[in-house]
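Below: one structure, written as structure tokens.
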Amino acid sequence: MDMKMVILIKIIFLGVFAGLTGLHAQMPARHQAAPVALKGGTIVTVSGETIPGGTVVFENGVITSVGVNAEIPAGSEIVDITGKYVFPAMIHARTSLGLSEISRLAETVDLSEHGNINPNVRAQVAFHAESDHIPIARTHGIAVAVATPTGGIISGLSAAMLTDGWNWEEMLYRAPVAMVINWPNMANARARDNALEELAEAFSAARRYKKAIEASGEQGVPHHARDVRWEAMLPVLNGEIPVHINANEIRQIQSAINWAEKENLKMVLVGGRDAGYVL
């Protein structure tokens, strides 16, 4: 056989093998065939007291009982964890997990869209379920990751994603979580004023849209066409979800708080480096 052909076959074999290995690493957990009881370990509940010699029972992926005398259903698989600790899984509250694979390879990064005002961006639809980072996060105890868009002034809507599943639809835990806003740098007055004007106009347009949609269909009121940008902002205006505002410098934080109060919005400060100096 020609040496070049041998080398080509080896390369193809290695490529296929590597691909299969990658797929194997992403395999989601199987559905439970029977209840599972973790028995005899120290259970750190976080929200309550630590339970030595306790038992955790879960069925169909849901914890059903916790305690020293937790009831174990018949037919359960019992796992002896004496001498071990059980902790609740962690939630990563703000991450690029699933939205960014290799930072230097633009094709694998889906964190932001063009333009400054993108309230209709939904993180869950860009979430890459086969990302190599997801099983690593899962192995280190992260069960839920809040995938968060970046860029612009209004980045879009974040989504809470499970770190186990075949696709983004299956991994979606909750969406939307919040509307992400990047507060402008306060040092450059012109850039700051332009950004705040864009932000104000976006919320003003969304409020006008909300009013028009609510009135649409009433006698004498014409039908109003749907707009995906302002439609995405309705949960914020209705108080169903907060705005997550990225701000670190003291003037940014003060300005963001004043704006959120004026707009009557639920606000969560993200970053907050100088928050300790704000009265």
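What follows draws every value from the coordinates through simple rules; no lab data is involved. This structure is a prediction, so every number in the text was calculated from the model and none was measured. Cβ: placed from backbone, ideal geometry, glycine included. Neighbour counts: every protein chain shown.
Apply the Debye scattering formula to segment 89-279, with a single equal point scatterer on each alpha-carbon and no solvent, then give log10 I(q)/I(0) at q = 0.19 Å⁻¹. Scattering profile of segment 89-279, log10 relative to I(0): -1.29.
With contacts taken as Cα pairs under 8 Å at a separation of at least 6 residues, the chain carries a relative contact order of 12 percent. Between Ser100 and Asp110, the built amide H atoms are under 5 Å apart, and every one of these is 5 or more places off in sequence or on another chain.
Per-residue 3J(HN,Hα) values for segment 145-152, derived from phi via the Karplus relation 6.51 cos²θ - 1.76 cosθ + 1.60 with θ = phi - 60°, read 10, 8, 5, 10, x, 10, x, x Hz in sequence order (x marks Gly and Pro). A convex hull fitted to the Cα coordinates of segment 126-194 yields 106 cubic angstrom per residue. Each 10 Å bin, from zero up to the one with the longest distance, holds this percent of the alpha carbon pairs of segment 109-149: 25, 48, 21, 6. Annotation for segment 140-198 versus segment 211-258: alpha-carbon center distance of 16 Å. How about segment 221-277: which GluC sites (Glu not before Pro) there lie in a loop by DSSP and see at most 10 other Cβ atoms within 10 Å? Passing sites in segment 221-277 are Glu240. In the chain, helical runs assigned H by DSSP with n ≥ 4 each contribute -39500 (n - 2.57); averaged across all residues and rounded to the nearest 500, the mean residue ellipticity at 222 nm is -9500 deg cm²/dmol. For the chain, the number of Lys pairs with C-alpha atoms closer than 29 Å, counting only pairs eight or more positions apart or on separate chains, is 5.
Could you pull out the longest piece of the chain with no exposed loop trypsin sites (Lys or Arg not before Pro) in it, calling a site exposed if DSSP puts it outside H, G, I, E, B and it has at most 15 other Cβ atoms within 10 Å?
Within the chain, the longest run free of exposed trypsin sites (Lys or Arg not before Pro) spans 105-225.
At a 10 Å Cβ-Cβ cut-off, how would you order Met186, Met161, Met179, fewest neighbours first?
Sorted ascending by nearby Cβ count, the order is Met186, Met179, Met161.
For segment 36-86, the share of alpha carbon pairs falling in successive 10 Å distance bins from zero is 30, 58, 13 percent.
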